[in-house]
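Report on the following structure.
The values are calculated or read from the model by the stated rules, or taken from the named source; none is laboratory data. Note that the structure is a prediction, hence the values are computed from the model and not measured. With ideal geometry, Cβ positions are generated from the backbone for all residues, glycine too; neighbour counts draw on all protein chains shown. Side chains included, ligands, DNA and RNA excluded: accessible areas come from the protein's heavy atoms. Shrake-Rupley method; radii C 1.70, N 1.55, O 1.52, S 1.80 Å.
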Amino acid sequence: MALVKRALALLMSITLAMELIHAAVHKVGDSAGWTTIGNFDYKKWSATKTFQVQDVILFEYNAQFHNVMRVTHAMYKACNTSAPLATYTTGNDSITIKTRGHHFFFCGVPGHCQAGQKVDINVLQSNEMAPTSSVSSPPVPSAKVPGPAPSNAMPLKALKSPSGNIGLAVAVLATFLIHFA
């Protein structure tokens, strides 16, 4: 019985670790941060990112001059600060995205949202394509090089999918049970 408990604890730890490995931290505005200086284009910034559930959105700013408000779509479009869903004021706010869809944020200081200090974080459904850049590279001619030899190894894509995480965890659990049972 103790072995089963240890195995379940190991399985849960592996599953949690796999979820955390896939989470990314996105600093809003990259090196510019969360600001009105320089007319940073947050819409363009977010369009170049692929957001996933469990990603962390990091807002870094001078708390004397800015804040972050999480709002509804209607409030976002109108820059309406009257009833935010949440307000952050530390100057170093980390927000973990827990659901798919749009997540709307803006600065609640008067005039800042209207000046463009707002961002729409869109977490795509797993079957949707991420946005692509409008800048395209010239085509690269294909070389006639033989492909890799067939392999029985699990493809990397399978390891990154939720079912691959479970499969990997089960494989580790089975190995653990075989060797330590």
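Numerical summary
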| item | result |
| --- | --- |
| Apportionment of accessible area to carbon and sulfur, the range 22-123, percent (1.4 Å) | 52 |
| Simple label model, 7 Å out from Cα along Cβ direction - Ala115 to Ala74, nm | 2.8 |
| Net charge of neighbours whose Cβ lies under 10 Å from the Cβ of Gly29, counting Lys and Arg as +1 and Asp and Glu as -1 | -2 |
| Equivalent-ellipsoid semi-axes of the range 22-123, from the Cα gyration tensor, Å, largest first | 19, 15, 13 |
| Amide H contacts of Asn122 (H built 1.01 Å from N, under 5 Å, at least 5 apart or other chain) | His103 |
| For the range 39-44, 3J(HN,Hα) per residue [Karplus equation, 6.51 cos²θ - 1.76 cosθ + 1.60, θ = phi - 60°, Hz, x = Gly/Pro] | 6, 4, 9, 6, 5, 5 |
| Label-reachable residues, the range 44-70, where backbone N falls under 15 Å from a point 7 Å from Arg100's Cα toward its Cβ | 51-55 |
| From phi via Karplus (6.51, -1.76, 1.60), per-residue ³J(HN,Hα) for the range 89-106 in Hz, x at Gly/Pro | 9, 7, x, 8, 9, 10, 10, 8, 7, 10, 9, 7, x, 8, 10, 9, 9, 8 |
